[in-house]
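Colleague: One structure coming up, written as structure tokens, with questions to follow.
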Amino acid sequence: MAEQGLIVGTLIKSGVPRRDRADVAQQVLLGAWQSVKRGMYRPDPRLEPRVALRNWLRGVAWRNASHYVLSAYVRHSIIHPEPLGLRRDILGPSLEAQILARDMLEVLVDLKAWQREILLALDDPESLVQYAKRRGLNPSTAASRLRIARKALAQRLRRWRR
């Protein structure tokens, strides 16, 4: 306990966050005590006893700190009231979904320009009738083109999936 300052100083230099220093210091003291009981403390007889103890404790603290800092729990923990919501915002769609979307876009590129245009118009807030009027088409013609474009897309997707 007399060398607590040395232990905490080693933990600070090793990058242990302030919130966890007391816990890691306690682990260092318990580990050092258990090592002494098992006979693992063998000081160099040429050194002064306190200097040897301080060197040994510094090594124990450094090893515990490195195990703590490199542990998966510490590296990946996120303190947040809704951690799953936070992770979705960070990660976005899965890699598999991104690859699938890219492949689907390549299938769309293979369609004729008018087919691609009418399929993408479905995502617009305007209705199909408004789309047709804006382009000077009869609404029935626009619906027919949409049906043809959907059929062409379905054929290409069937070929792509095989």
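Colleague: How much of the calculated P(r) for region 95-157 lies past 13 Å, in percent of all Cα pairs?
Modeller: 64 percent
Colleague: Also, quick follow-up: Counting only Cα atoms, I'd like the Rg/Rh figure for region 4-76, Kirkwood definition for Rh.
Modeller: Here Rg/Rh amounts to 1.01.
Colleague: Separate question: Taking 7 Å along the Cα-to-C-beta vector as the label spot, tell me the Ala97-Arg42 distance in nanometres, rounded to one decimal.
Modeller: Once both label points are built, they end up 5.8 nm from each other.
Colleague: Separate question: Between Leu105 and Arg19, what is the FRET efficiency for a Förster distance of 45 Å, r being their Cβ-Cβ separation, to the nearest 0.05?
Modeller: Working from the Cβ atoms, E equals 0.50.
Colleague: What distance in nm separates the two pseudo spin-label positions at Glu117 and Arg147, each 7 Å out from Cα along the beta-carbon direction?
Modeller: Going by the 7 Å Cα→Cβ label model, 2.1 nm.
Colleague: Averaging sequence separations of C-alpha pairs under 8 Å and six or more residues apart, then dividing by the length of region 95-157, give the relative contact order as a whole percent.
Modeller: 39 percent
Colleague: Measuring from centroid to centroid over Cα atoms, what is the spacing of region 93-154 and region 22-46 in Å?
Modeller: 70 Å
Throughout, read-outs are computed from the coordinates displayed, never taken from laboratory work. The shown structure was predicted, so the numbers you read here are calculated from the model rather than taken from an experiment. Neighbour counts are summed over all protein chains in view; Cβ atoms, including those assigned to glycine, are modelled from backbone coordinates with ideal geometry.
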